[in-house]
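A short reminder: the numbers here are calculations on the coordinates, not readings from a lab. All figures in this text were calculated on a predicted structure; none of them were measured in a lab. When we count neighbours, we look across all protein chains shown, and the Cβ atoms used for this are built from the backbone with ideal geometry, even at glycine.
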Amino acid sequence: MARTSKREKKGLYAKQARAVMGSVWKVGIYARLSVDSNDRKNESIDTQIEIAKEYIGLIGDAELIECYTDLGKTGTNFNREGFERMMVDIRRRRINCVVVKDFSRFGRNYIETGNYIEKIFPFMKVRFIAVTDGYDSEHMTDDNLQLSMNLKNIVNELYAKDIAQKVRTAKKVKQEMGSYTGGVPPYGYSVEKIGDRKVLYPDMGAKEIVVRIFEMFAAGRTYKEIIEELYKRKIRCPMAYQTTGEICYPEDEELHQWSLGTLKKILTNPVYIGTLFQSRRSGKACRSHKRHEVDEENDISVVEHTHEPLVSEELFYKVSERFERQSKCSNRNGFSKKIPQSEDVFKDMVYCGRCGHRMIRNMSIIALSSGERVRRYYYACPNRRKIDNSKCECQGISFLTLEALIKVALEKEFAFSEMCPKDYCKENMQEAEKRKGTIHRKICESVQKQDELALMGSELYLRYRNGELSREAFLVEKVKIGEMLTALKVQMEKLERQEKIIDKEADSVNQSIKEILKWESSHKLDRELAECLIKKINVYPKQQVEIVFNYRRNELFYGREAHE
């Protein structure tokens, strides 16, 4: 009895001591609204938070620190931004009590939910409360209550799985009925709902454009010629038409040309002969981050004669035959496959210096005097062939020219034999530590301000409990303090990320310096070395090149004449 009495007194003293400081429990409310559109539509995030706040008011020895929300997030996994933010605050001891409306708002995965409630939270000394389910981990005295919680979590998980299966089944049934289950209708069509079906109807404004595109391609016109005609007629591309509802550009508006990809998408889509060709994949499987894996036979739903066609089958298949002929000509007897492709050494590094777009690597096959056939690569600006105002004058640069320019830059700008790696690495680390020191001072200032605000909150609470401050005034001031704490927390997280980036950059620079010292002009540049040395390459007209190295703050500018 004495041992029990002592434990009770110890708990009472601790509770009284915490009450003097302001509160016993630092509460974080978690609220979630499911991605399921039929999932308790009347239960908003605000309603969940209000229910939790009312319960917190009844506890008496609790203080609300922050609300964490996830809108439109599934409960079948815990990869949610608001939830992860809450767990960070728990680890930092900013909160030690989590309140939710019910178990299903916390999660619908039985195993993971049970793991948090029964293992992780108790280990971290975190109190968990599910208001409407009557669960409070601080007062778990009845084994039946624990069993009730487990059963509810199982039901929640089964509910989520059941809903997912129903959605997939409903989508499959609608597709078999010939209903359009996509989002934005294809160009040339509008969508209307008739009963349980979504039916495509010809859009009389865009119908003529679709037919004209098919006719031009079937007649042998090239993509470039089709794009030029659409541009001359001031026809809006599908995305612009969907946004404005106008087929043509007005006189005073800047014209934008159609893309090659948009044309191909239209010319190969069987929707224009009245056939719905739709994927049956949808959503994510429970407790999985991958899309459903289904066999090829059941992956696609094909239903013919579901809506009015825009072009005849004869015209559509004539276009398809041209695609097949082009495919055979471009790869006759597997010609291009016999010549292996080389590694893209400068992948995602080469940019157009004029328009800023990342350049695309193109290739061609040439025959040498020996009779051997090889691939030749060049980087080209994607806007070089455009005909509207976004046309770029920068054509591009060959891989061999670019590689030669980079070698010249390395040879001319750095005296390798005189470089001392220790000095360069030491200077680099000193610069990194100097930058980190500035950030560290800011972090310390932020921590100090947070401590001051926490003390202000405690003093505010004491004044409220002693009757020196009205409830309304207390709540107003508490909200202000909470907003300032949140802002400081965001600032601190940003500073911590900057610190990590500086360390990563310093390591990368040191590695670059070591690689440079080992490099010789006779060596061939490979992908690993290029990533280590080069941050970005800007290509300008007349094959002028600007090289931004990882280990230098200044950029090196070279022209084609430099290596000739």
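With a cut-off of 14 Å between beta carbons, the residues surrounding residue 255 carry a summed charge of -2, where Lys and Arg count +1 and Asp and Glu -1. Taking 0.36 nm per residue of sequence separation and removing the Cα-Cα distance, the residue 507/residue 234 pair yields an extension gain of 93.0 nm. Between residue 184 and residue 487, the simple label model (points 7 Å from Cα in the Cβ direction) yields a spacing of 3.9 nm. In this simple spin-label approximation, residue 277 and residue 400 carry label points 7 Å from Cα along the Cα→Cβ vector, and these lie 4.1 nm apart. Pairs exceeding 25 Å between alpha-carbon atoms, taken from 391/536; 489/535; 442/535; 26/478; 434/504; 264/386: 489/535; 442/535.
Here the simple spin-label model places points 7 Å from the Cα toward Cβ, and for residue 125 and residue 540 these points are separated by 6.3 nm.
Rounded to 0.05, the FRET efficiency of the residue 194 and residue 54 pair, given R0 = 45 Å and the Cβ-Cβ distance, is 0.45.
Once the Cα-Cα distance is subtracted from the 0.36 nm per residue extended length, the residue 498 to residue 201 segment shows a gain of 101.6 nm. FRET efficiency for the pair residue 254 and residue 372, taken as 1/(1 + (r/R0)^6) with r the Cβ-Cβ distance and R0 = 60 Å, rounds to 0.80.
Taking a ≥ b ≥ c as the square roots of the Cα gyration tensor eigenvalues, region 215-276 comes out oblate, since a/c reaches at least 1.5 and a/b does not exceed b/c. What is the calculated FRET efficiency for residue 302 to residue 447, with r their C-beta to C-beta distance and R₀ = 56 Å, to the nearest 0.05? Efficiency at R0 = 56 Å is approximately 0.35.
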